[in-house]
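The values are calculated or read from the model by the stated rules, or taken from the named source; none is laboratory data. This is a predicted model, so every value here is computed, not measured. Positions of Cβ are backbone-derived with ideal geometry, glycine not excepted, and every protein chain shown enters the neighbour counts. Note: accessible area is taken over every heavy atom of the protein model, side chains too, but ligands, DNA and RNA are not part of it. Shrake-Rupley method; radii C 1.70, N 1.55, O 1.52, S 1.80 Å.
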Amino acid sequence: MMSSVTRESYAEATDKLATTTTKATAAQLATVADEILSVARLLRAEPRLRRALTDPSRSAGDRADLLGSLLAGKVDAVTADVLTALVRGRWSAPNELWDATERLGVDALLSSAQRADELAEVEDELFRFGQVVAANPALAVTLGDPGAPLERRVKLVQDLLKGKVRVATGKLVEVALEGFGGRSFEASLSRLVELTAAKRDHEVAYVTVAKVLSDAEEQRLASTLSDKYGRQVSLKVEVDPSVIGGVSVRVGSDLYDGTILRRLNAARQAFAK
């Protein structure tokens, strides 16, 4: 979680991104996103650079000049302006600059998908890919192994997704492979699904049922949850016969488990006492 100091610096950079890309095309935003994420990778690999760009003993101008010397002629002017706004801010720790840069790159990528009117599809594709991985233990181990070469895992994902998902989806999966925000691959995918939904002003509800819901049942559940949370809810439904019946719903840290499996487990625990 970002500190208050970091949130302020990050907010200034996101404002800069928004104001400098009001007329940008989806493709132009995608280029900015790629460049910001490349800088995030550089910051991950270079702890000394992270420290230099967040050193409180150096003026904001000095830090901006250092970044400018590194980026000169290598990135779009918009990218340089946005990242300059980022490093001119104050940071509680060097790693927070890296995290914020990565998050900013993701935000630019989501803005690109939004400009292309593909956010809903990207959100669904990320979730479905997560389900595919979870259903294949060998694939889950391979993609989630931080000790395995990243290039090999990225190539595997590219081969799996080629021609099947939007470009933004593939790039976000690659961000997840890198461990978005220090998370595991699985947790990174889930967080990226939630950020994509938030970009649409939607809340994500993870729903587990024993059998496929009808369209009418999904609509009723979505409507009920939307009324409860005061915003549109995006249902992510997983069919798991082991729950036997009923519905389990997780929204953020809220869990509503009305499955028959939970009731049976509760009964067993009661009898065991």
Neighbours of residue 58 by Cβ distance under 14 Å: Lys/Arg at +1, Asp/Glu at -1, summed charge +3
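Compute, for the stretch 195-265, the length of the dipole vector about the Cα centre, with Cβ point charges of +1 (Lys, Arg) and -1 (Asp, Glu) only. Units Debye, rounded to 20.
Once rounded to the nearest 20, the dipole reads 100 debye.
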Which entries in 16/199; 74/155; 23/162; 155/236 show an alpha-carbon gap greater than 23 Å? 74/155; 23/162; 155/236
Estimated [θ] at 222 nm from DSSP helical runs (n ≥ 4, -39500 (n - 2.57)) normalised by residues in the chain, nearest 500: -21000 deg cm²/dmol
Just to verify a number: what accessible area does residue 57 come out at with the full protein assembly present, 1.4 Å probe, Å² rounded to tens? 100 Å²
Over the chain, relative contact order from alpha-carbon pairs under 8 Å, at least 6 apart, %: 16 percent
Label-point separation in nm, residue 22 to residue 70, each point 7 Å along Cα→Cβ: 3.1 nm
Student exercise, the chain dipole from Lys, Arg, Asp, Glu Cβ charges, in Debye to nearest 20: 580 debye
Compute the length gained on full extension between residue 254 and residue 140: take 0.36 nm times their separation in residues and subtract their Cα-Cα distance, giving the result in nm to one decimal. 38.4 nm
Around residue 43, with a cut-off of 11 angstrom between Cβ atoms, what is the net charge of the other residues, counting Lys and Arg +1 and Asp and Glu -1? +1
With the dipole of the stretch 210-273 defined by +1 on each Lys or Arg Cβ and -1 on each Asp or Glu Cβ, the option from 269, 241, 213 whose Cα lies farthest towards the positive pole is 269
Residue-level accessible surface for residue 166, protein heavy atoms, 1.4 Å, Å²: 90 Å²
